[in-house]
Amino acid sequence: MEQDNKKSIKIPKIITVKDFANRLDLPVVDIISSLMANGVLANLNDSIDFETASIIALDLGYEATLEKENKDVVGKVEIKDISRDKNLKGRPPVVTVMGHVDHGKTTLLDNIRKAHVTEGESGGITQHISAYQLKLSGSKKKEVNGKIITFIDTPGHAAFSAIRSHGTAITDIIILIVAANDGVMPQTKEVIKQAEVNKVPIIVAINKTDLPDSDIQKTKQQLAEMGLNPEDWGGSTVMVEISATTGKGIDDLLEMIVLQADMMDLKASYDESALGVVIESHMHKGAGALAVVLIENGTLRRGDVIQVGSAWGKVRILEDFTKSKIEEAMPSMPVRIAGLKSLPDFGDKLIVLSSEKEAKEAATKSKKSKDKKNVATAKKIGMEDVAEDVKSGKVDELNIVLKADVSGSLEAIKKSIYEIDTKEINLNIVSEGIGAISESDVSLAKATKAIVLGFRVSELFAAIKIAQKDKIVVEKYEVIYKLIDDLKGVLSGMLKPDIVEEELGSGKVLQIFRDDKKGLVAGGILEKGKVEIGDEIKVFQEKNEKYREKILTLRREKDEAKLVDAGQEFGFGLSAGAKISVGDKFVIFKTREVERKIE
């Protein structure tokens, strides 16, 4: 009957703590207190799922039912099918350079555009996507000169598979660069798979052919085994032998790109409102949220009202890849945009809308949709010592507060973290964001017993003080694979060690001298190996183990002994109740702990 007295309330699948409090007509602090009592640490802007909300509602005298989703689309934009547009014009190809780390992607682009990006990158590895649109000139191939190509340089380290995955979705042609002295590597295979999934044509640039240890034929054979059969072997894959350092073969490579693009007959509408995709975003002091966007169709103009995922605003600043201000951006152009109210995510779509009201509504709708996929995780509180608790089996998770400089890096790090093979330990990113490590980040880490990881970000003074006072682990990195390697090291230290048995000897039980409440004393012969006091013994009846214990005493004839060697008879003492009989076989062994390492 008590159930009938409860008030009924409808709750959606995902709801913020603030909205939940409003629906219950209760102070937010009451909701937060109830969540904490149930082991969930959340603030008023965090989201909770229906299951969590229904439990809290029940505690507060409400019966929750699931609210049906509103099928009306707010701010829906009809995207025109450009394939039927008679006014389509040719557009430059978008070419993404991909391959394994240190195979020469950035050096190739340096040679083409006469710049030196590598020198400014930590560890000599490209950390962010960079996009350039170049009008080619100076080539020995006449058909190449005057052509415009948009190049996207993606990071090659395994940590950036998320970025490369997006890269294949926003590109027309992939230049797969493979070092002839190294051959096909893991990231090479990954790129080939991604290209197959996204049906993007590949042109292979076999690099470092000028080096004495290069093996072009072996590299081609490896590629053929991956399904990329060279044209000169009767296949259909264009392969160009180059040296990104000396410039050898680069004109031939550019010619192949132009020919491939001509065959694809790439077109877009220049008259429509712009559609684009975010390939990088970060906060900039003085300019706010900045997004690097590749225009896919239509023309974007300064002053346009835009929605980019859950962000919206007006294009206040429009710049090309050289950071020169421009008034409009056309298909295949990479541009930098300022004027958004918040930071968009990597891969978000840009659309142009008619009014700021419509843009705001569409962004809000998008945010709600994202919230359904990114429910704030329940943050366990009250843990004493994470590492020790994991080893003892009390806790099986490591909480992380993650901060990065740009959204592309953040997404790549998150993907790499969740790909770490930890069956015993759950990795839980309790908070993530762009920008400096703040006081609130460290405070959250304290409340959730988390560690703070920062990538290419600074740490505010107040955050440093709190971290020092409360002994919060805060680590900052300049290269992503160092962050991942260190995290694996921490996790390895949290794993329970493997218990390994080292066999020392074996023999046979010959006699039982005593078996009472004080213990058991037996005699035996050590047929091989050796035995010392403190070693352990396993006793077998036929082939079945029936007992194991530590040896308490050891004797040779009537004297105490420290060591017994093979071929000697000896006496040994065990605790009372030991299951051992004349004729049993035994094995002498030691157990030792072997630290485990996450690879």
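Quick notes
- Tallying residues that are touching a helix residue (DSSP H, G or I) at 6+ places or on another chain (Cβ under 6 Å), among the charged types (D, E, K, R) and either outside any helix (DSSP H, G or I) or farther than 17 Å from Leu427 by Cα (or both) within segment 446-473 yields 2.
- Residue among Lys314, Lys341, Lys368, Lys325 that is within 30 Å of Asn426 (Cβ to Cβ), at pLDDT 70 or above and of a type in the set (Lys, Arg): Lys368
- For segment 137-162, a residue qualifies if it is under 19 Å from the mean Cα position of the chain (by Cα) and either closer than 27 Å to Lys248 by Cα or modelled with pLDDT of 65 or more (or both), and the qualifying residues are Thr154, Pro155, Gly156, His157.
- Val521 without any contact (Cβ under 8 Å) to a residue 60 or more places away in the chain and more than 21 Å from Lys579 (Cβ to Cβ): no
- Hits in segment 402-461 (condition: charged (D, E, K, R), under 23 Å from Ala42 (Cβ atoms) and surrounded by fewer than 21 Cβ atoms within 10 Å (Cβ to Cβ)): Lys414, Glu432, Glu439, Lys446
- Scanning segment 515-545 for residues that are at pLDDT 90 or above and among the basic types (Lys, Arg), we see that the one that is nearest to Glu501 (Cα to Cα) is Lys538.
- Of all residues in segment 305-338, those being surrounded by 22 or more Cβ atoms within 10 Å (Cβ to Cβ), farther than 20 Å from Gln133 by Cα and over 29 Å from the mean Cα position of the chain (by Cα) number 3.
- Residues satisfying the stated conditions in segment 525-582, i.e. under 50 Å from the mean Cα position of the chain (by Cα) and in contact (Cβ under 8 Å) with a residue 60 or more places away in the chain: none
- Residue within segment 280-302 that is in contact (Cβ under 8 Å) with a residue 24 or more places away in the chain, more than 30 Å from Lys341 (Cα to Cα) and of a type in the set (Lys, Arg) present: no
- Search result, residues across segment 408-440 that are in contact (Cβ under 8 Å) with a residue 60 or more places away in the chain, out of contact with any strand residue (DSSP E or B) (no Cβ under 7 Å at 6 or more places or on another chain) and not basic (Lys, Arg): Glu411, Ala412, Ser416, Asp421, Thr422, Glu424
- Here Gly577 passes the criteria (1) buried (at least 17 other Cβ atoms within 10 Å of the Cβ); (2) at pLDDT below 90 except the one numbered (1).
- Pair list, Cβ under 6 Å, 6 or more apart: segment 237-259 residue in the same structural domain as Thr219 (by TED's automatic domain parsing) and among the acidic types (Asp, Glu), other residue assigned to a strand (DSSP E or B) and crowded, with 20+ Cβ neighbours inside 10 Å: Glu241/Ile206; Asp252/Val240
- Taking the criterion of being buried (at least 21 other Cβ atoms within 10 Å of the Cβ), more than 21 Å from Glu411 (Cβ to Cβ) and either at pLDDT 95 or above or in contact with a Gly (Cβ under 7 Å, 6 or more places away or on another chain) (or both), the residues of segment 291-303 that qualify are Ile295, Leu300.
- Subset of segment 241-294 [touching a helix residue (DSSP H, G or I) at 6+ places or on another chain (Cβ under 7 Å) and within 19 Å of Asp110 (Cα to Cα)]: Glu241, Ile242, Ala244, Thr245, Gly247, Ile250
- Sole exception among (1) under 30 Å from Val490 (Cβ atoms); (2) surrounded by 14 or more Cβ atoms within 10 Å (Cβ to Cβ) for Gly523, by number: (1)
The values are calculated or read from the model by the stated rules, or taken from the named source; none is laboratory data. Small disclaimer: the values here were computed from a predicted structure and weren't measured. Neighbour counts are summed over all protein chains in view; Cβ atoms, including those assigned to glycine, are modelled from backbone coordinates with ideal geometry.
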